[in-house]
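Comments concern the structure below.
The values are calculated or read from the model by the stated rules, or taken from the named source; none is laboratory data. This is a predicted model, so every value here is computed, not measured. Here the Cβ is made from the backbone with ideal geometry for all residues, glycine too, and neighbour counts use every protein chain on show. Calculation scope for accessible area: heavy atoms of the full protein, side chains included, ligands and nucleic acids excluded. Shrake-Rupley method; radii C 1.70, N 1.55, O 1.52, S 1.80 Å.
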Amino acid sequence: MTRTLLTADAILTQDMASPQVEALVLDGGLVVATGSRKDMAEHAGPETRRLDLAGATVIPGLIESHIHPTYAGLTGGWADCRTPPCASITDIQGALRNSTPSHGWIRGWGYDDTQLREGRHLTRDDLDAVCTDRPIIVLHISGHFAVANTVALATAGIDESTVDPGDSQFPRGADGRLTGMAWEIDAVARLSGAIPDLTQAEVQTALLRSLTLARSRGITAVHDLGVGLSAGMQELAAYRALDTKGEMPVHTVGFLRGDLAIAELEEGNIAFTAAPAPGSRFRLAGAKFWADGSIQGLSAALRTPYTCSPNHHGDLLYPQEQLDDMVLQVHREGGQVAVHANGDAAVAAAIAALRSAHRSDGRRARHRIEHCQVSRPADLEAIRDAEIGVSFFVNHVFHWGDRHRDRFLGPERAGNLDPLACADDIGLKFGLHSDCPITPMDPLQTIRTAVNRLTMGGAVLGAHQRIGVQRAVQAMTVDSAYLVHDEGRVGILAPGRRADLVALDGTLAALADASSDIPQPALVMVDGR
Ligand SMILES: [Zn+2]
């Protein structure tokens, strides 16, 4: 690969030893030197490619620490039931009628009961009105619920006599009849199990669609928090195939869906690794478990009740001992464990399970808590003291912040949603994420939300939890690399680190300023290419 001399107005390396430079020398996919234009010119010869990015701000490639690439890629072929574009159940029915079935199923995604004119969840009757001779399944925006029509329920073998799986449910109406809803992850998995398997080519196409989009948004590495969520072990095979073909658009660190991980470990089919093989852009780091559901679905486990439902605080998806046991099975095999926890009761359960794994053999695996949206200062201190990582779902402030304040959590808890300033104050390292497709994958918008905490309705949600733009960039570079043991490879622009970078067409000050357009990626490099 040709040696490259890259110069720009501002290269913000995130390397404390040399935070701002004028020039980088890249070779063999790595940064080999950083410094002034004059000093770096000495590393250039007649063959050196010169790239002058005048006017640009160069930062390390952004790291999206929690997305679902296969799921996000597949949604491109399904009916878009989000609000917007759908304002009502009638709109959703129209979108489903206009969509192209996949393997005989009509698929929809993204409906949000709290945004619809009717203010309620979909039912099987709503979907039967669309079609009675084909199965239909529509996923809720949270990804934690799905609704099926009568044909889909029958195809999945689910009827009024079906026993609810664990703490998941197939809710019945007052008349005892199934409503069509699959409530929480295990029930959704049971229902989705009836959908014909995707082909390997379809899974690879979905992955490529998402990872290519990621790269175009300035992302050079993603963490897939639930490999297998949409297409089972086909997803792991798709990653390995794309990686072998050299077609991975960005680096990816995967966490296998927990139940799959336990089954595959028992068969001896998988192994976890804390470092990529040379030349590889994919590795399987560990597994992901769910401690609770979603706040907007009222299934996050809170210590105190929901504001809109004073007798309900949401339950843990598993008893503590069961969560401890699942976590331990992956910990023992050398894996990194990520636990989904939105509510503070779930955060406490996740901390307890991860600490229990630590105690089993003394190994600190840098396990993670995902989302951590409602959490108290004492929880954050416990996370820090246990050497657990955390990635905050700060996009919620923008997308659901108004409803968290007015409906689900009330002003005090909503003001402390995704408490980034608290986390920073106590020295916690943390990532930020979109959970795409739950919210759009747009890391520069994510950074802006962390900085100004503006909601979709234009209000500021908890000004005291704002962080500075430099701290937010650090979260999506240095800290996110740390979350997966990648700090020696990426996250800063320094000699020996991967030449993963993004050049923005504006300054970080403009990125922070809510009154100006968000600077956009003008150039993205992964491994210097
Ligand atoms: Zn997720």
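When Ala499 is tested against (1) on the phi > 0 side of the Ramachandran plot; (2) small (Gly, Ala, Ser); (3) surrounded by 18 or more Cβ atoms within 10 Å (Cβ to Cβ), only condition (1) is not met. Scanning region 241-267 for residues that are farther than 19 Å from Gln336 by Cα and either outside any helix (DSSP H, G or I) or touching a strand residue (DSSP E or B) at 6+ places or on another chain (Cβ under 8 Å) (or both) returns Leu242, Asp243, Lys245, Gly246, Glu247, Met248, Pro249, Val250.
Within region 58-96, how many residues turn out to be open to solvent by 10 Å² or more (accessible area, probe 1.4 Å) and in a strand (DSSP E or B)?
Looking only at region 58-96, we keep the residues that are open to solvent by 10 Å² or more (accessible area, probe 1.4 Å), and these are 68, 71-72, 74-78, 80, 82-85, 87, 90-91, 93-95.
Filter again for in a strand (DSSP E or B), leaving 80.
Adding up the residues that qualify gives 1.
Checking every residue in region 353-369 against the condition of being open to solvent by 10 Å² or more (accessible area, probe 1.4 Å), within 16 Å of the ligand (Cβ to nearest atom) and within 23 Å of the chain's Cα centre (by Cα) gives zero matches. With respect to Ala494, determine if the residue is aliphatic (A, V, I, L, M) and crowded, with 24+ Cβ neighbours inside 10 Å. So Ala494 does not fit the description; no.
Looking across region 501-518, the residues that are more than 15 Å from Leu51 (Cβ to Cβ) and within 22 Å of the chain's Cα centre (by Cα) come down to Leu511, Ile518.
Identify, please: which residue in region 97-130 is β-branched (Val, Ile, Thr) and assigned to a loop (DSSP other than H, G, I, E, B) and is, among those, most open to solvent (accessible area, probe 1.4 Å)? Can you show your working first?
Step one: of region 97-130, the residues β-branched (Val, Ile, Thr) are 100, 106, 114, 123, 130.
Then drop every residue that is not assigned to a loop (DSSP other than H, G, I, E, B), which leaves 100, 114, 123, 130.
Numbers: Thr100: 105, Thr114: 21, Thr123: 40, Val130: 26 Å².
Residue satisfying both the conditions and the ranking: Thr100.
What tally of residues in region 136-182 results from selecting those that are at positive phi and within 16 Å of the ligand (Cβ to nearest atom)?
From region 136-182, those at positive phi are 143, 157, 166, 176, 180; that's our starting set.
Going one step further and asking which of them are within 16 Å of the ligand (Cβ to nearest atom), we end up with 143.
Summing the residues that are at positive phi and within 16 Å of the ligand (Cβ to nearest atom) in region 136-182 gives 1.
Of all residues in region 1-52, those being modelled with pLDDT of 95 or more, among the polar types (S, T, N, Q) and surrounded by fewer than 18 Cβ atoms within 10 Å (Cβ to Cβ) number 4. Of the residues in region 389-407, how many are surrounded by fewer than 24 Cβ atoms within 10 Å (Cβ to Cβ) and either among the aromatic types (Phe, Trp, Tyr) or touching a residue at least 24 places away in the same chain (Cβ under 8 Å) (or both)? So the count comes out to 6. Can you find a residue in region 431-442 that is more than 16 Å from the ligand (Cβ to nearest atom) and open to solvent by less than 10 Å² (accessible area, probe 1.4 Å)? Looking for residues that are more than 16 Å from the ligand (Cβ to nearest atom) and open to solvent by less than 10 Å² (accessible area, probe 1.4 Å), one finds none in region 431-442, hence no. All told, Gly55 falls short of being open to solvent by less than 10 Å² (accessible area, probe 1.4 Å) and either at positive phi or not in a strand (DSSP E or B) (or both). Go through the residues of region 141-152 one by one and say whether even a single one is within 30 Å of Val253 (Cα to Cα), assigned to a strand (DSSP E or B) and hydrophobic (A, V, I, L, M, F, W, C). Yes, there is a match, as at least one residue in region 141-152 is within 30 Å of Val253 (Cα to Cα), assigned to a strand (DSSP E or B) and hydrophobic (A, V, I, L, M, F, W, C).
Can you pull out the residues in region 315-330 that are touching a strand residue (DSSP E or B) at 6+ places or on another chain (Cβ under 7 Å) and free of Cβ contacts under 8 Å to residues at least 40 places away in the same chain?
Result: Leu323, single match.
Cβ-Cβ under 6 Å, sequence separation 6+ or interchain: first residue in region 339-357 and assigned by TED's automatic domain parsing to the domain that holds Ala261, partner within 15 Å of the ligand (Cβ to nearest atom) and open to solvent by 10 Å² or more (accessible area, probe 1.4 Å). Which pairs? Correct list of pairs: His340/Trp290.
Limited to region 369-418, what total is found for residues that are in a loop (DSSP other than H, G, I, E, B), under 25 Å from Thr477 (Cβ atoms) and touching a Phe, Trp or Tyr at 6+ places or on another chain (Cβ under 8 Å)? Within region 369-418, residues that are in a loop (DSSP other than H, G, I, E, B), under 25 Å from Thr477 (Cβ atoms) and touching a Phe, Trp or Tyr at 6+ places or on another chain (Cβ under 8 Å) number 3.
When each of Val188, Val203, Val222, Val227 is tested for being within 23 Å of His251 (Cβ to Cβ) and more than 16 Å from the chain's Cα centre (by Cα), the lone residue that passes is Val203.
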